[in-house]
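Report on one structure; see the data block that follows.
Derivation of every value follows stated rules applied to the coordinates shown; laboratory data play no part. Just so it is clear, the model here is predicted, and its values are computed rather than measured. Ideal geometry is used to build each Cβ from the backbone, glycine not excepted, and the neighbour counts take in all protein chains shown.
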Amino acid sequence: MTLPNDMNSRSGTILVVDDEPDILVALEDLFEEQYRVVSTTSPVQALAIIRREPDIAIIISDQRMPEMPGDEFLAKARHDTDAEAILLTGYADIEAVIGAVNKGRIMAYVPKPWDPEALLNMVGAAYQRRRLAQELDTERALLRGLMESSSDQISFKDLDGRFVRLNTSKAQSLGRDPDQCVGCQERDFVAAERAALIEDAERRAISARAPDEVVEERVLSEGGAQWILINHIPILDESGAVTNLATIERDITEQKLMEMRLRQADKMQALGTLAGGVAHDFNNLLMAVLGSLELASRRTSDDPRLARLLQNATYAAERGASLTQRLLSFSRQRDLNLQAVDVNQIIRGMDDLLGRTLGGIVEVRRNLAERLWPALVDPDQLELAILNLCINARDAMTENGTVTISTRNEAVNENQVTDLGSGDYVVISVTDTGAGMPPEILARVLEPFFTTKEIGKGTGLGLSMVYGLAQQSGGTVVIRSTMEVGTSVDLYLSRTFIDGSVAPRDGTETVVASPKMRILLVDDDQEVRVVTAAYLHEMGHRVVEASSGSSALEILKDNDQFDLLVADFAMPIMTGLDLAERARKLNPTLGILLITGYVDPNRIPEAYSILNKPFTYSELATRLGEIITDQERCVPESTVPVAL
């Protein structure tokens, strides 16, 4: 007898139970070529075999057996196996057959004597049914495991929008158990407006026979927003017709917030570039104003009224210079004096300053961590940053509010904090109990000139300066705010392994006197050049002026007797740095001083000295003295500039 090809490779196990040994032998001969056959004459032993071998695929049992009838045996077997069952009977006992169907769940019964080919085909069909059932069970288990293990909300619907299957996560979002949702539509659980949006997206997916993706923004009851990525995926049959619709809903809030923070970081970088350009023009103007005022003051010492007017003008110009410095801090283009700092020591030393500035209308608390790591930061700018944060906190509160300054050590992992690499950081937190900020304000508070204060009450540069200081010090700023609760600003600073104690300062400044030199002054801004030249003339130096790098090079080619080149960094066509490098090729011993209103100090080689605009007479004199001192240490005595 030949079986179909798909039956030839079968190796399932058949359990044959009959109290007559001859019948067992006949059945074994019939099936053993295609299946593994296990046989017994005892239903009791058969139950033991079933418990021992759970992979039995088919049970063939006689009905009339002395220990127990076949229908009773199969009913007991159902406690341990879901194998397909066939009942053999030599009698037309309809009651036994009904019992076997109901209790033993037989798929068929075969009268004795049987037709071998018919019985073999019946067993083959039973085995195929058993295998398909196992495969279906496996697929169901895999699908169930996948759905329940996923944090995504997964559901399947029919074409009328009724749930066919859904996971626990989806059911919980609807406030139900999965069984309570099957057969229901989504509009039975959600608001009509949202249900309409869902049904529109489902219709689009079914009509297009292609996935429909939408990002839904939801407002949470406790405040804040949640973003959900929803994919409606049509399921097609072999003919391409849509039979069902699968929906996968994924919470992408963290990803969305990260994208928003990255966009904010890009915007801040662009604003920083803009701020640097504004600061450059500002500093040129302020250099001309402050320099002219200082020179005028030197010539009007006999007129007290005029001196007072000049002093008032100087104070106003210095306020403009202070604003410009904040812009440069924001744009990370200010030359900071980075050093190891004990942050707790800085904060403790600000008691009097904070008391006078905050006016006693708020309470200042400190929660300073013990064994705080030293931080790499400019101590002067750090004091200003903490002061700005405390002033902002005070302005956000009514009287009797509380400002808390705290410190902590924090080890940051990669991608844990936006715009911050992994490593160890010292964190300064300034927290207030004010009204808090809504998300649209929070997203802009670091922008320069953005302020929520009344006109004339704020420049909008306080937080920008703090952000710039943090960025230039290898850290960042993180702001958290909750309406009616308050705001917390975290200032991250890089940890350093150098001792962080800061030596007290006496407030005095030593000006290094310089011998008289022959100086080539180069600046494309005439007003700045006039003031700088006047400073140099008053110091006794001999000055030759040039308005561009190319004209300066022509002068140097004709005259190699200059001791020092003073050049503006930001000049068109040829920058001060380009000029310095070409000038050094013409005269290797030429001293170099670059003056700038905005350049990143990291772009200046260590071999060149730099002075930031606006500068004073004494600052210029001090820097010239430092340059000549360095030259005396580095060149032979015969090449040191001599007094004119």
What span do the alpha-carbon atoms of the range 518-639 cover on each of the three principal axes, reported in whole Å from largest to smallest? 36, 30, 30
If packing is taken as the mean number of other Cβ atoms within 10 Å per residue, what is the order of 190-200, 106-116, 375-385, 26-36, highest first? 375-385, 26-36, 106-116, 190-200
If a/c stays under 1.5 just call it rounded; otherwise compare a/b with b/c (prolate if a/b is bigger, oblate if not). Do that for the range 150-251, with a ≥ b ≥ c from the square roots of the Cα gyration tensor eigenvalues. prolate
Each label sits 7 Å from Cα toward the beta-carbon; between Arg187 and Ile498 the label points are separated, in nm, by 7.0
Simple spin-label estimate for Thr629 and Arg518 in nanometres, 7 Å along Cα-Cβ: 2.6
So, R0 is 41 Å and r is the distance between the beta-carbons of Asp137 and Asp200; what FRET efficiency does that work out to, to 0.05? 0.65
Contour minus end-to-end for Ser297 and Glu20, with contour as 0.36 nm per residue of separation and end-to-end as the Cα-Cα distance? 86.7 nm
Inter-label distance, nm, simple model (7 Å from Cα along the C-beta direction), Glu216/Gln339: 5.9
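How much length would be gained if the chain were fully extended between Asn121 and Asp424, taking 0.36 nm per residue of separation minus their Cα-Cα distance, in nm to one decimal?
Here the segment from Asn121 to Asp424 would lengthen by 101.7 nm.
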